[in-house]
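Student: Below you will find the structure I want to go over with you.
Bear in mind these aren't lab numbers, they're just calculated from the coordinates by the rules spelled out. Because the structure is a prediction, the values reported are computed rather than measured. So basically every Cβ, Gly included, is an ideal-geometry build from the backbone, and we count neighbours across all protein chains shown.
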Amino acid sequence: PRALVLFLAWVYLAPAVLGGLVTRLWPTPTGTFGLTDPGYRHWWLMLQLQLPFNRLPFLEEVLRLVPGLYPVWIRLWGGHLSAKSFVGPRVMIGDRHLIRVGPRSVLGARAGFAGHIAFRDDDGRWQITVAPCEIGADAIVGGDAGMGPGAVLAAGATLPAARHLGPHKHWPP
């Protein structure tokens, strides 16, 4: 049993606590960054820490079975998920430190939230845009819907099922 407890602490707590320390000591920069920019390196480090949970989503689903545990874990990363919100099955929060969810909000089944997007600029150089996804109080994100970096869902609004809100877009428009 002790080995199992240590293993679970290593899997769940070590990356979240380290990620939380990084975001608290060096606040997550937002904006668009090239591969040599400090903002890119910060995002890349956070991505590496979160990779096991992005690749093995069942690890995160297990946390959601215990009421109140998942919001605490998101807070360890540096994000905010109200304990009064509801997270449906198979919700994907790719950048846990870049999520802001208000109270009484609903994140529908299979909804996705990405605090970053990669692209090539006009000269063919890789760039990344990084910004938090924000869901206001009493808002609903429909099933299979998604939000990109900097997207904002207003308090009390509903993002319809399967609707995708691109980078820095607001709903309602």
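Student: Looking at segment 7-36 only, could you name the residues that are aromatic (Phe, Trp, Tyr) and touching a residue at least 60 places away in the same chain (Cβ under 8 Å)?
Tutor: 12, 33
Student: Does residue 35 meet the test of being surrounded by fewer than 13 Cβ atoms within 10 Å (Cβ to Cβ), within 17 Å of residue 108 (Cα to Cα) and out of contact with any helix residue (DSSP H, G or I) (no Cβ under 7 Å at 6 or more places or on another chain)?
Tutor: No: the conditions fail for residue 35.
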